[in-house]
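One structure is given below, encoded as structure tokens.
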Amino acid sequence: MTTVELTYRAATEADVPALVALIESAYRGDASREGWTTEADLLEGQRTDPEGVAAVVDAPDSVLLVAENAGETVACCQLEHRGDHVYFGMFAVRPGLQGGGLGKVVMAEAERTARARWNAAEMRMTVIRQRSDLIAWYERRGYRRTGTMFPFPYGDERFGIPRRPDLEFELLVKTLD
């Protein structure tokens, strides 16, 4: 990971196709199995689409942060100011680069950006409850499980086609220093 020199910027409409491809590759299909964040055993179909990513890029009080190495997009994440906190979502790291510390560095930049841009005191996210490995990774970064659950949007194929009937999201929260 030490050979990677990251630069960060806000995504634009021109980035949407590349970001959709990155997010899909990190979570769905056989390509996602190269990394450890795959959801392929839980969900089939798409993770997002151009309209969903464009909506995040265009949303007020929001930034889709792009991490680049030598001009190539290697990671991204959504930061959305929601009153007393910032919502963190659409986090994706190129599968072949997962497991080397890149995600930890991008997450730290996302938290720094949330504090600097909105003076945010807290970051929140939702994670599929069944993703215990991913939740444990976030816990090592200081996020805590709240026990607050939200239903998975069954029947809305924009978010994927569930392979099991018990999926739900759990709210994770971190106080930003």
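Backbone amide hydrogens, once placed in the peptide plane, bring GLU44 within less than 5 Å of ILE161, ARG163, excluding anything fewer than 5 places away on its chain.
Length gained on full extension, GLU109 to ALA121, computed as 0.36 nm times the residue gap minus the Cα-Cα distance: 2.8 nm.
Net charge of the neighbourhood of ARG144, taken over other residues with C-beta under 15 Å away and scored Lys/Arg +1, Asp/Glu -1, is +1. Based on protein heavy atoms only, segment 67-168 ends up with 49 Å² per residue of surface accessible to a 1.4 Å probe. Carbon-plus-sulfur accessible fraction, the chain (probe radius 1.4 Å, protein heavy atoms only): 50%.
Local charge for ASP177 was computed over the other residues whose Cβ lies under 10 Å away, with Lys and Arg +1 and Asp and Glu -1, and equals +1.
With the highest mean first, a sort of the peptides 79-88, 49-58 on other beta-carbon atoms found within 10 angstrom per residue produces 79-88, 49-58.
Multiplying the residue separation of ASP156 and GLU44 by 0.36 nm and subtracting their alpha-carbon distance yields 39.1 nm. Sorting 127-136, 89-98, 151-160, 59-68 by average packing, meaning the other beta carbons within 10 Å per residue, from highest down gives 89-98, 59-68, 127-136, 151-160.
The values are calculated or read from the model by the stated rules, or taken from the named source; none is laboratory data. Only a predicted model underlies this, so the values are computations on that prediction, with no experimental measurement involved. Using ideal geometry, Cβ is built from the backbone for each residue, glycine included, and neighbour counts are taken over all protein chains shown. Surface areas here come from the heavy atoms of the whole protein model, side chains and all, with no ligands, DNA or RNA. Shrake-Rupley method; radii C 1.70, N 1.55, O 1.52, S 1.80 Å.
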